[in-house]
Structures are given as structure tokens and as C-alpha cells.
Amino acid sequence: MKNQLESAENTQHASNNKTQPTSGKPKFPILWNRRFLLWLALFWFVFVVFFSPGAQAPGLELPYSDFKQHVTKGDVEAITIQGDRIVGQFTKSIPAAGQPEGKTYDNFRTVIPPFGDAGLVSLLESHQVTIRAEEAHGSWLQMLIVSWLPWLLILGLFIYGQRKMQKGLGGGLFGFGKSKAKRYEKDGSDVRFADVAGLRNAKKELEEIVEYLIDPTPFRDLGGELPKGVLLVGPPGTGKTLLARAVAGEANVPFFSTSGSEFIEMFVGVGASRVRDIFQSAKKEAPAIIFIDELDSIGRARGTGLGGGHDEREQTLNQILAEMDGFAGYESVVVMAATNRPDVLDSALTRPGRFDRQIVLELPQRQARLDILRLHTQQVPLSHEVDLENLAARTVGLSGAELKNLVNEAALLAGRQHQPQVRPIDFERARDKILLGSERDEPMTEAEKRLVAHHEAGHALVTLLLPGTDTLQKVTIIPRGQALGVTEQLPTEERHNLSRDYLLNRLVVMFGGRAAEKVVFGDVTTGGGDDLKQATNLARRMVCQWGMSEALGPMTFRQGEEHVFLGREMAEQKDFSDYTARLIDEEVQHIVQAMEQRAVHLLEQHQDKLERLANALLEHETLEADEVEQLLGVACTHAEALPTT
């Protein structure tokens, strides 16, 4: 990323280009004060009408029992009954208990109990009290407010929700079809190609699109047209979204960013309407870029699964296909999309004329990892002992996002210990946390600890004994993640093709822990369950997908492949017989059993080294690769060739 000075200059430049308000006072506090005063006035009005003392009849408030006593004494001249309320006049002014001396009352008021009083009328008539009755309603103002105030509140809430949804969703309360895409202004994206470390080939592919968006004249003079769609394909965390924003920043054009899942709603046709809206908005502001993240959520192949083909997702996909076909030659709108599952996309979506280019973003190689680490450590104070080149070499297989997380974790660990700089030990602990998992404080008995030590020692010793395996980095019996112990291996070089011998060696290493348990304890435990699962899956792929079985020959079988659609694997006919299926199972069984025997044979020959390494793990808990080699000697790094399977 750019340094803080450049970011500040870009931010200041963008703010200077915006239109300044004519008034020096902010608008938001004024609007807020007006709304506050309006609600305060409404509250005061309702309180005065309904709850203020002036809204009640004047006179002395009498308990109902006292009222009946005054009737019995002949003190009441006349009453008026309004619903459950009684308002009346005394025959003469009388003082009230608890009131200041000399204060008298001519009128009174009381309330009839909810359970009623059947003898009240007889009591009043016997004492010649004049009785009047009125309808139980308030003033006309009260009736008006009671009748219209709820509807006014509902209307106000409706208008308020309409305005909020117009701002947030675009289109108001019934504007479900409006796009939810986030729009970035021309100067809104401060990401450039320089901020994207690595991905040199991908950036070269996209530079042409940037040049076309900036000045299309040289391309149009030669009859060239702007590619309608660019599909970014790669594993998670490789920088697909970041690269799309960098294209918009380099071309200095509006950028509409959305996710495939935002097009799908419970109402049929909403997704298609949102697609039309986002494409119309981009065409109005062309040149522009539309970026759809996670395209596979709406771009899956049609006609798959058990639920038929006329659903909301397929309606949305059809609309995307129609909109991309509807681009005119002069409309400089580029649709960029990202996915990590290109195998599930509909073929109509990936053909030329829709997504003309597919750019593959791979996991960063060693030099790219070094560039990414340098980029993310620009604002991190590093100790002079930190060697980023060595760290890049030891982080094979990590994506750009994971490398950024590695730097952040190291900084957090250093800050937790109040260190002024990030040290190599912080990066080491952060790397172990990401690759191996967090340490667990899990107590183990001495017998369990000894078993785990021999299990991990078996993995580590087999790794050293076999040629061509990945380099041993560390072995520990400290519980991490879901494992009671970990043996860490890292390849010494970037591997793009895996040979049969290399895969067989990996199987032997996987069985190293289980073989150690057999050799030392004469029994096996559940600790090797995950090793067995990985070994079985690897052996099945070798037989079914890669043609590495001499018994079955160079053939592939769909048995070892995973289907991404629920219905397709049920509808497809199996392309091999039951006899072949039995041969596959037998060959997989033969491979895994032979590799387990190989691991047992190696450890029986070097059982003294196994015991030495296990005892060292019991004493130190964690051993680095150089400590293991110094303990066992370099002569153990060679072994006889693998047997033929």
C-alpha cells in the first residue's frame, strides 16, 4: 500500500475536487434541531390535551366512598354522569380534609368503580339528588386527535421509511428491484496497481483495459472493441477484489461493486430487476466498471440440481447474459467478476462476447510473497534481525490475505508484550499460529504424553529417512488446534507437478506416527485418524484421477471426483463396472497397506533414533529441524528405494 504521505495527498486532492457547501454551518445539526423541536411541540400538545390539569373538570377529587357519605348526609345537590366519571355540586361550600384551612369547594368529581354500584341510583333518588347523564366523550379536539393521530403517525413512519430506503437501497419501500451495489466515485478508490504486490501477469492483462478506458481512440481506429467481461479466477485471499479496485483507480472511472448474493431475494424477478438497474446506472456514467464478487452464487450452470430450472437464480443469470449481449460498441462499460469455482459456471457466461478474458490468480510465489511482506510491513517497525526473504521462503502456500494476517498477528504479539519493534520470534509464533493453530492448555497424563511424543517422532524420523520428501521444519508435542502434536514440513521449492514417487513418500510420512505406535507399543490409537483419512483420499485420487495405478493403467474414474451439484451425481451414469470398482478398492487398499509396511520397516531399522527423538521431545516439547538433525546425525537422511506397488 502507499505510504501515509501519498494517501494524505490523494485524500486532500479528492476533497478539493468536491463542491464545497455555500454555508459554513453543517446542515445535519440544523435538520436534527428542527426535527427535535417538531417532536417536542407534538408531545407538549398531546400532553396538554389529554393529561394537563386544565383538561379535567374543576373541583374536589373525592374517593367514591366519601362521595356516597356526602350523598347520605344530604350535601350533594346535583350530579352529571359521563361514562364512569361523576361530576357534581355540593349544596353548600364545604372544606376538604388535608387542604389548607379556610379553603372550601362547591364542586367535586369522582369515578365509579369498575365493578359498578347497583344501588347508587336508589341512593341518589332517596336523597333527592338531581341526576343528569351525558355521553362519555371528550372535547372535539380530543376526538380529532384520537381519530387522526394514529393515521398521521403511520403516514409519517411510511414517509420516513421511504426516504431511508431510497438512500440505503435505492428505490424506496417498494423499490426491491433497485441495485444494492456500492458506488465509488472517480476519485473514491485510492488503490493502484502499485498497491497490489505480486500478480505481475494479471496486472499486465489488465493494463490494456485501463488504457482503453482512459483513451479508447487508438484501439477504435484499428477496429478494436473493449472486452465486455473480465473473469478473475483464483483461490480465496489472492487479491481478486483488490485487483478490481486497482483497475478502477488506475482508469479513474466510477466503480460499482456488488456481490452475487445481493441479487437474490425471496421474490421472483427481483434479481433480474437489480441487474437491469446496475447496468443502466453504469451505462449512464460510462466509462465505468461493474464488479460482481462471488459470481458462482448466481452464475452456476443452469438445469442442474433437483429443483428444476425456473427459479430466481436462473432468472438473474439470464438477465446478466442479456445485458452483456446488449452492450453497444461505443459503451465503455467493463464487467469484472471474481470466483474461486470456475468449474461450476454456466458455459454461456464464460464464452467470448460475455466474459472475454479469464485471468487466473495463483497463490504467490516466493518473490511475490517477499513483495507482499515488504508492502504490509512498511508501517510496521521491524527489528534489524527480521529477515523477510527467509520468512517468504518459509511461508509456501500462504495467500496474500494470509500474509497480511501474518504481519498483523506478529504486530499484535509484539504489542501484547510491550515490545517497541516486531522481532523474528513474533513472526515465528504468528506463523505457527496460522499454520499449526493456537496452543491449547490441555493437561495430559505421562502415558499420553509419551504416546504423542513417539507418534510425532515417527512422522519426523520418516521425513528425514526418505529422500525427496518435504523438508522437516519443526516437531512439537504441544497441543495446537485440534491436534495433540504437530510435525511441520515445508517444500524447499515451488511444486507445480507432483510425481508418483513424491506422493508415495508422502503416504509413508503420513503413516509414520501410526507405524511408531506399532513398533514401540505394539498397538495403534485413534491419534492417527486424520492421517488415515488423508492417506486414503490421496491414494484414491492417485488411482482414480491421476492414473498412477499399474493394475488399472492410465485411466480416470469419476469415483474420485467431487460433484458440486446435488442432482448431477444422481443422474449421471457410472462409466465403469462393479468389477472395476472392486479393482479400485483393492488397488487403494494395496497402496496404503504397502506404504504403512514401508513406514514400519524404516522405524524398526532405526528404533534407537526413534527412542532418542521421542525422549528429546518429552524433555523439550518442541524441536527445530537443525536440532533434530544434530540429535540424530546426517547419516539418517538416506534410505533404500521404495518398493514397487
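The values are calculated or read from the model by the stated rules, or taken from the named source; none is laboratory data. Because the structure is a prediction, the values reported are computed rather than measured. Reconstructed Cβ throughout: ideal geometry from the backbone, glycine too, with neighbour counts over all protein chains shown.
Tabulated values for the structure
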| item | result |
| --- | --- |
| Subset tally (residues that are without any contact (Cβ under 8 Å) to a residue 60 or more places away in the chain and assigned to a loop (DSSP other than H, G, I, E, B)) for segment 486-526 | 10 |
| In segment 284-304, the residues that are surrounded by fewer than 16 Cβ atoms within 10 Å (Cβ to Cβ) and modelled with pLDDT under 75 | Gly303 |
| Answer residue from segment 117-134, given it is more than 16 Å from Thr80 (Cβ to Cβ) and of a type in the set (A, V, I, L, M, F, W, C) and is surrounded by the most Cβ atoms within 10 Å (Cβ to Cβ) among those | Leu123 |
| Cβ pairs under 7 Å, 6+ apart, first in segment 109-132 and in contact (Cβ under 8 Å) with a residue 24 or more places away in the chain, second among the basic types (Lys, Arg) | Arg109/Arg85; Val111/Arg85; Leu123/Lys68 |
| Pick from segment 392-419, criterion assigned to a loop (DSSP other than H, G, I, E, B) and either among the aromatic types (Phe, Trp, Tyr) or out of contact with any Pro (no Cβ under 7 Å at 6 or more places or on another chain) (or both), ranking: surrounded by the fewest Cβ atoms within 10 Å (Cβ to Cβ) | His418 |
| Test: residue in segment 461-476 that is among the basic types (Lys, Arg), outside any helix (DSSP H, G or I) and either under 36 Å from the mean Cα position of the chain (by Cα) or surrounded by fewer than 23 Cβ atoms within 10 Å (Cβ to Cβ) (or both) | yes |
| Single residue of segment 235-244 satisfying the filter (surrounded by fewer than 22 Cβ atoms within 10 Å (Cβ to Cβ) and in contact with a helix residue (DSSP H, G or I) (Cβ under 8 Å, 6 or more places away or on another chain)) that is farthest from Asp325 (Cα to Cα) | Gly237 |
| Criterion: at negative phi and modelled with pLDDT of 90 or more - qualifying residue of Leu466, Leu503, Leu484 | Leu503 |
| Where a residue in segment 352-367 is farther than 30 Å from Leu391 by Cα and its partner, wherever it lies, is of a type in the set (Ser, Thr, Tyr) and at pLDDT 85 or above, with Cβ under 9 Å and at least six apart | none |
| Residue within segment 368-391 that is in contact with a helix residue (DSSP H, G or I) (Cβ under 8 Å, 6 or more places away or on another chain), closer than 30 Å to Ala322 by Cβ, part of a helix (DSSP H, G or I) and touching a residue at least 12 places away in the same chain (Cβ under 8 Å) present | no |
| Residue, nearest to Pro114 (Cα to Cα), within segment 63-85, restricted to residues that are of a type in the set (A, V, I, L, M, F, W, C) and assigned to a helix (DSSP H, G or I) | Phe67 |
| Residue tally, condition touching a residue at least 12 places away in the same chain (Cβ under 8 Å) and among the aliphatic types (A, V, I, L, M), over segment 441-451 | 2 |
| Which listed residue, of Val76, Val71, is modelled with pLDDT of 70 or more, in the same structural domain as Arg132 (by TED's automatic domain parsing), touching a strand residue (DSSP E or B) at 6+ places or on another chain (Cβ under 7 Å) and of a type in the set (Val, Ile, Thr) | Val76 |
| Residue check, Leu232 touching a residue at least 40 places away in the same chain (Cβ under 8 Å), surrounded by 15 or more Cβ atoms within 10 Å (Cβ to Cβ) and not in a loop (DSSP other than H, G, I, E, B) | yes |
| Residues within segment 452-476 that are free of Cβ contacts under 8 Å to residues at least 40 places away in the same chain and charged (D, E, K, R), tallied | 1 |
| Breaking point among (1) modelled with pLDDT of 90 or more; (2) in contact with a strand residue (DSSP E or B) (Cβ under 8 Å, 6 or more places away or on another chain); (3) of a type in the set (Lys, Arg), for Lys474 | (1) |
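Yes/no matrix, rows are residues, columns are (1) farther than 16 Å from Val360 by Cβ; (2) among the polar types (S, T, N, Q):
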site	(1), (2)
Lys204	no, no
Glu208	yes, no
Ile214	yes, no
Gly224	yes, no
Pro236	no, no
Thr241	no, yes
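Conditions tested, residue by residue: (1) at pLDDT below 90; (2) over 27 Å from Lys449 (Cα atoms); (3) surrounded by fewer than 21 Cβ atoms within 10 Å (Cβ to Cβ).
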position	(1), (2), (3)
Gln489	yes, no, yes
Glu494	yes, yes, yes
Leu507	no, no, no
Met510	no, no, no
Gly529	yes, no, yes
